[in-house]
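Reviewing the structure listed below.
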Amino acid sequence: MPALDATSIADGALAFIRFFKFQNKTRGSLAIIGAALALYYLKRRLQSNKSNLKDLEKEADLFVKKGPSKPKGAVDKNFLKKLLKFLRIAIPGWKSRETGYILGLSIALVVRTILSIRLAEVNGGVVHGIIQRNKDKFVQGLFTILLYAVPSSIINSLLEYLMVMIALFFRENLTKHYHERYINDKFFYQICNLDDRIMNPDQRLTVDIQKWAISLSNLYSNFSKPLLDIVLFSKRLYGVVGGYGVALPFCWYAMSAVLLRYISPSFGTLTAIRQKLEGEYRGQHFDILNHSEEIAFYNGGKWEIRRITKTFSNLYEHCIEIIKKQFWMGIFDSMLVKYGSYYGGYLVLGMPVFGPRSKKYLEETKGDKSKIAGDYVRNTSLLINLSKAIGKFIISYKELQNLAGYTTLMDELEIVLNDLKVGKYQRTMINPNLVSERGEYIAADDKLVMDKVPILAPNGDILIKEVSFELNKGMHLMVDGPNGCGKSSVFRIMGELWPLFAGSISKPERQASIFYVPQVPYLPKGSLRDQIIYPDRKIEMTKKRMTDKKLRDILKILTLDYIVEREGGLNTERNWTDVLSGGEKQRMAIARLYYHKPAFAILDECSSAVAVDAEDVIYTEAKRRGITLITVSHRPSLWKHHDFLLQFDGEGGYSFGELDTSKSHNIEYEKQVEHHRSMMTGEPEEEKQE
Ligand SMILES: Nc1ncnc2c1ncn2[C@@H]1O[C@H](COP(=O)(O)OP(=O)(O)OP(=O)(O)O)[C@@H](O)[C@H]1O
């Protein structure tokens with residue numbers, strides 16, 4: 001704050017007061033009306049939304065279905081409740097390292113404030129020395145400032161360090177909390193396939209948690225430091241300028257806070273929407289990378305550009321909207337919080353000389369100009385610090401709104417995971433009455449039984465009215481039917497990926513007893529050995545008395561042993577999805593099946609890219625290893641490896657019975673073989689007699 005002649009400050013203040021209060025009431029009233037109109041205009045401008053933003057808000061509010069619709073990310077009682085819930089996860093206990101670091105941060109903040117107060121005193125001393133032309137006092141002051149610089153620098157850096165560490169601890173705790181629930185169970189499948197509330201759970205788990213943690217850590221120091229500064233600086237200022245001097249900045253800021261709250265848009269909602277849009281944008285890049293080969297072959301670049309440009313322009317427009325609002329808020333913030341406080345500041349600084357205690361002060365200083373100037377500089381320092389602290393305290397409301405936005409996003413994830421845990425999910429249902437109904441899973445060794453189980457898609461769409469069959473160990477089952485009739489869905493329900501709405505399913509309790517081999521297998525990043533033993537680790541492989549030699553033998557049966565040689569051994573790490581061909585990937589998944597040797601294996605078109613003669617080896621070997629096969633396939637050449645047939649007609653009906661391919665009366669089988677032959681050779685199909 002520039003040093004001004006004290007008399008002119010007081011004159012200015014008095015003129016200001018007279019202008020509004022006593023002298024010119026008409027002009028004063030006009031100014032107040034003008035200011036009120038300007039405020040109203042600003043509020044409308046800040047709180048109005050573009051039409052596309054309204055849609056996004058509606059979408060963001062999909063969640064708040066119950067109760068009155070409130071903007072997401074509002075700072076209210078609900079937010080505090082949610083925040084408390086997450087704080088319990090972020091700070092696990094009183095004796096945790098987080099509490100230790102927060103305590104450390106609090107101590108560092110106190111020390112920082114004490115150092116600032118001491119520095120203000122020293123500043124005053126230096127000015128006193130200059131005006132008195134007292135060289136010793138001046139040099140002593142400079143030396144003291146230098147001495148204070150060392151602890152101040154250490155404390156400043158320590159504050160930064162502690163804040164970053166606390167944010168990282170918070171992130172770690174929350175990430176672990178979500179990982180345990182999201183990845184350990186089947187929720188990562190269900191959150192995208194059954195529920196339509198969260199489009200980008202990956203964004204929530206990565207970026208949003210990180211932002212929440214940083215925002216909370218910043219907020220602690222942005223709130224607690226100013227709060228502490230306010231207490232300590234006010235106390236000190238009270239001692240030197242009296243109660244009026246302290247009350248004035250407070251009144252000013254209280255008025256500013258009310259006005260700010262009146263015109264401020266819900267930055268929490270804006271943040272929540274922005275995070276959603278960021279997630280969608282990232283998700284599309286992820287899609288392109290994931291399907292790069294297909295997109296490149298289709299020459300789908302133009303289509304992808306159109307799609308990604310649209311998503312990015314939504315994000316861009318939303319960011320512009322936020323930046324514009326921040327611009328208008330910035331003007332208002334500055335006017336009230338920064339420049340407004342200058343005016344009030346000068347009034348306070350003039351108080352020792354012109355205020356109610358001026359007589360006493362002037363007697364004490366005996367009119368010593370150097371002492372008055374020194375006090376002025378010290379008071380300026382104190383006041384600047386106090387003003388800054390109050391200003392920061394008010395502006396951190398914006399940070400609080402951001403935190404409210406991130407908290408809402410995380411709470412949504414929490415709600416969905418909790419719902420999935422109890423088998424509840426939300427999506428547009430064809431038959432909404434079904435949501436609360438559930439069938440029963442029964443533990444049974446060595447058999448799979450479906451008793452009156454309706455096959456329904458997650459949206460309640462009836463694929464097959466009711467399915468019943470019993471399969472004992474050693475009864476190899478072929479599952480057939482037209483595309484989209486619900487073959488895979490039967491096993492999704494059996495594997496508890498989709499809800500069981502009615503009937504009962506008996507199956508072995510041990511998850512590992514039923515193994516699923518899909519058409520496109522998952523090949524995780526890792527060694528060649530990992531591809532065979534997934535999801536086991538080497539330690540589990542050793543416990544199962546499996547050796548690298550046995551793994552190589554498995555690969556040999558599947559004629560995959562050349563890959564071990566070519567890639568340089570079982571320890572070689574590669575991105576196997578890119579390295580292996582379609583048929584190799586499928587055979588690798590079969591190697592995994594042989595390694596795990598489950599009681600039952602669901603083979604879902606798992607050999608569609610494998611040559612027919614190699615397919616025979618695959619199925620014969622699986623049976624030799626004691627695995628009961630449940631094969632979902634359209635290939636009639638596979639029927640001979642099975643004893644039973646579960647056949648869906650594509651119109652909601654099915655049949656289950658023995659399959660005897662050797663009997664000539666098995667017309668259905670022969671028809672299928674003939675159809676396949678004609679497709680392969682291009683010759684017309686021959687008519688068979690029933
Ligand atoms: N998550 C889902 N939500 C709603 N419907 C789904 C979902 N997944 C699949 N479906 C629908 O359920 C029906 C049955 O799918 P399913 O995968 O069981 O067919 P399928 O008989 O195995 O077909 P194909 O022979 O083509 O593999 C299909 O119409 C499909 O569109």
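Brief remarks follow.
- All conditions in (1) among the aromatic types (Phe, Trp, Tyr); (2) more than 16 Å from the ligand (Cβ to nearest atom); (3) under 31 Å from the mean Cα position of the chain (by Cα); (4) within 20 Å of GLN190 (Cα to Cα) hold for PHE515, with the sole exception of (3).
- Options TRP252, TRP212: the member that is closer than 30 Å to LEU159 by Cα, in contact with a Phe, Trp or Tyr (Cβ under 6 Å, 6 or more places away or on another chain) and not basic (Lys, Arg): TRP212
- Complete set of residues in the stretch 575-609 that are outside any helix (DSSP H, G or I), away from the ligand (no atom under 16 Å from the Cβ) and modelled with pLDDT of 90 or more: LEU580, SER581, LYS597, PRO598, ALA599, PHE600, ALA601
- Cross-chain or 6+ apart pairs with Cβ under 7 Å, the stretch 134-152 first and closer than 12 Å to ARG118 by Cβ, then basic (Lys, Arg): TYR148/ARG118
- Where ARG510 falls short, out of the listed (1) surrounded by 15 or more Cβ atoms within 10 Å (Cβ to Cβ); (2) closer than 30 Å to VAL453 by Cα; (3) basic (Lys, Arg): (1)
- Scanning the stretch 610-638 for residues that are outside any loop (DSSP other than H, G, I, E, B), within 20 Å of PHE469 (Cα to Cα) and within 16 Å of the ligand (Cβ to nearest atom) yields ILE630, THR631, VAL632.
- VAL520 within 16 Å of the ligand (Cβ to nearest atom) and within 22 Å of GLU621 (Cα to Cα): yes
- Residue that is nearest to VAL479 (Cα to Cα), among those in the stretch 617-638 that are touching a residue at least 12 places away in the same chain (Cβ under 8 Å) and of a type in the set (D, E, K, R): ARG635
- For LEU237, the criteria (1) touching a Leu at 6+ places or on another chain (Cβ under 6 Å); (2) within 16 Å of the ligand (Cβ to nearest atom) hold in every case but one, which is (2).
- Residue match in the stretch 294-313 (condition: surrounded by fewer than 14 Cβ atoms within 10 Å (Cβ to Cβ), out of contact with any strand residue (DSSP E or B) (no Cβ under 6 Å at 6 or more places or on another chain), of a type in the set (Lys, Arg) and within 30 Å of LEU260 (Cα to Cα)): no
- The condition of being surrounded by 16 or more Cβ atoms within 10 Å (Cβ to Cβ) and either of a type in the set (Phe, Trp, Tyr) or in the same structural domain as MET478 (by TED's automatic domain parsing) (or both) does not hold for HIS634.
- Taking residues in the stretch 476-501 that are touching a residue at least 60 places away in the same chain (Cβ under 8 Å) and over 18 Å from ILE462 (Cβ atoms), and partners anywhere that are of a type in the set (D, E, K, R) and within 12 Å of the ligand (Cβ to nearest atom), the pairs with Cβ atoms closer than 9 Å and at least 6 places apart or on different chains are VAL479/LYS487; VAL479/ASP604; ASP480/LYS487.
- Being away from the ligand (no atom under 16 Å from the Cβ) and in contact with a strand residue (DSSP E or B) (Cβ under 9 Å, 6 or more places away or on another chain) is a description that applies to LEU570.
- Hey, ILE627 aliphatic (A, V, I, L, M) and buried (at least 20 other Cβ atoms within 10 Å of the Cβ) or not: yes
- Candidates ARG197, ARG204, filtered to the one that is part of a helix (DSSP H, G or I) and either outside the structural domain of ARG378 (by TED's automatic domain parsing) or within 30 Å of LEU497 (Cβ to Cβ) (or both): ARG204
- Some residue of the stretch 279-288 being free of Cβ contacts under 8 Å to residues at least 24 places away in the same chain and surrounded by fewer than 14 Cβ atoms within 10 Å (Cβ to Cβ): yes
- In the stretch 458-487, the residues that are touching a helix residue (DSSP H, G or I) at 6+ places or on another chain (Cβ under 7 Å) and small (Gly, Ala, Ser): GLY460, GLY481
- Answer from LEU80, LEU147 - the residue that is under 30 Å from TYR376 (Cα atoms) and modelled with pLDDT under 95: LEU147
The values are calculated or read from the model by the stated rules, or taken from the named source; none is laboratory data. Everything numeric here is computed off the predicted structure, so don't read it as measured data. Backbone-built Cβ (ideal geometry, glycine too); neighbour counts: all protein chains shown.
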